[in-house]
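Shown next, in structure tokens, is the structure this report addresses.
Each reported figure results from applying straightforward, stated rules to the coordinates on display, with no laboratory input. Since we're looking at a predicted model, the values are computed, not measured. Positions of Cβ are backbone-derived with ideal geometry, glycine not excepted, and every protein chain shown enters the neighbour counts.
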């Protein structure tokens, strides 16, 4: 019995050492070893080379040896999947550390950086990998970007206490802003509000330009 235990432990240690040396192929090594161990054990039992229940006895060394080898195969599979999850987490951490937001030449202006910084501080947006994530309505984002890049501004209105949204003359960089905020239809959202009332919370956005 002790021979089987030490044989089993020694085999697992050797396999783990090989997996450690060849880290790139560790999961493949562990899975291959587990399958080989599992199938090999079943073949030995099936062919009668090993008889774990001879004479209706289940306490023999062959019985416990068979059980231990099957458990070892399962342990190798579990170890392989734990290693896989760990590798995935490490990759995600590296990506999150290395990722940074890069503004294109069109979007990278002093005013944009100033307003974006204030919007982040106020909780309206946040950095999310290589993009910004906007936490309010799309039309409010369109209003802020219109003010930054097109010269849009609110003007008093006799029909609405909030004032109306007056477009500037500069082209709205729709595609680049959609990519920056990982959304779609920002330009259309702005166009739909031309000369209409400014959106809710626009006065809070106006403070970022002071």
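Structural remarks
- Packing rank of 186-195, 122-131, 144-153, where each peptide gets the mean count of other beta carbons within 10 Å, highest leading: 144-153, 186-195, 122-131
- Legend: calculated FRET efficiency, residue 18 to residue 67, from the Cβ-Cβ distance at R0 = 22 Å, rounded to 0.05, equals 0.35.
- In summary, the convex hull built on the alpha carbon positions of region 108-206 has an orientation-averaged projected area of 5.9 nm².
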